[in-house]
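*Asks:* Here it is, the structure in full.
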Amino acid sequence: MYDSCTLARQIRQPVLVTASTLVPCVDPSDLVMQCRIDAPDEMQLMQEYITAAGQMVEIDAEIALLTSTWAVYLDRFPAWEIELRKVPVASITSIVYLDQNGTSQTLIANTDYVSDLKHSPSRVMPAYGKYWPITYWQENSVTVTFVAGLAAQNLVNPIAKQAIRLLVAHWFYNRGAVGTVGQEIEFAYTALVSRLKWAGSV
């Protein structure tokens with residue numbers, strides 16, 4: 001049996017496996033006029049700011065903006081469902097675990113487990129009549145790999161784009177404050193990010 005402490009420890013934050021290879025969430029040309037950029041060599045800096053701002057929004061809102069691969073590592077299977085705390089989830093890539101002999105095994109989708117990708121967070125649970133297998137007593141013996149994020153820039157939530165623009169414009173004119181949210185935009189940024197967060201995120 002699993003006690004409440006064991007169940008609580010099964011809520012793990014996803015780890016980035018493969019970053020998105022798609023274009024930035026915000027087109028740099030959208031910020032050219034806003035930041036009054038007239039020097040070509042400033043565009044590289046702008047690209048870096050957009051990347052950093054996008055990552056900050058993803059962390060603060062616990063979301064994935066563009067298609068990327070993530071993994072949740074567990075010491076053992078929980079009593080029932082596994083939460084994938086990065087939204088939106090597009091698909092489950094694999095569930096791999098170490099069996100009682102320490103041998104790597106892969107569960108079969110729709111036979112061994114089913115997934116609910118409609119809710120936030122998405123969930124994975126045993127298929128009807130099945131139970132999670134017993135694992136080898138070792139840390140990170142279960143790996144759930146999944147794809148999260150959207151497939152194109154134009155699908156990204158406008159609220160997320162606006163949060164990124166706010167950060168980029170602030171950093172562009174306050175270059176000593178990269179990686180922070182200035183007090184003058186903190187309220188606006190926080191208000192935007194709070195609307196991106198899903199129920200249950202912390």
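The values are calculated or read from the model by the stated rules, or taken from the named source; none is laboratory data. Being a predicted model, the structure only gives us computed values, none of them experimental. All Cβ positions, even for glycine, are placed from backbone atoms using ideal geometry, and neighbour counts span all protein chains on display.
*Asks:* Just to be sure I understand, how many residues within region 99-140 are outside any loop (DSSP other than H, G, I, E, B) and closer than 30 Å to A61 by Cα?
*Replies:* Matching residues across region 99-140 total 10.
Conditions (1) among the charged types (D, E, K, R); (2) over 17 Å from the mean Cα position of the chain (by Cα); (3) not assigned by TED's automatic domain parsing to the domain that holds W171, marked per residue:
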{"residue": "Q47", "(1), (2), (3)": "no, yes, no"}
{"residue": "T51", "(1), (2), (3)": "no, no, no"}
{"residue": "G54", "(1), (2), (3)": "no, no, no"}
{"residue": "E83", "(1), (2), (3)": "yes, no, yes"}
{"residue": "D99", "(1), (2), (3)": "yes, yes, yes"}
{"residue": "Y113", "(1), (2), (3)": "no, yes, yes"}
{"residue": "R123", "(1), (2), (3)": "yes, no, yes"}
{"residue": "G129", "(1), (2), (3)": "no, yes, yes"}
{"residue": "P133", "(1), (2), (3)": "no, yes, yes"}
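*Asks:* Answer yes or no as to whether A191 is in contact with a strand residue (DSSP E or B) (Cβ under 8 Å, 6 or more places away or on another chain), modelled with pLDDT of 80 or more, small (G, A, S) and within 19 Å of A64 (Cα to Cα).
*Replies:* No.
*Asks:* Residues of region 107-137 being surrounded by fewer than 11 Cβ atoms within 10 Å (Cβ to Cβ) and on the phi < 0 side of the Ramachandran plot, which ones?
*Replies:* Matches in region 107-137: I108, T111, K118, Y128.
*Asks:* Another one. Please go through (1) modelled with pLDDT of 90 or more; (2) surrounded by 14 or more Cβ atoms within 10 Å (Cβ to Cβ) for I59 and return the number of the only condition it doesn't satisfy.
*Replies:* Condition not satisfied by I59: (2).
*Asks:* Kindly indicate the residue of region 141-156 that is in a loop (DSSP other than H, G, I, E, B) and in contact with a Lys or Arg (Cβ under 9 Å, 6 or more places away or on another chain) and also farthest from P88 (Cα to Cα) among those meeting that condition.
*Replies:* S141
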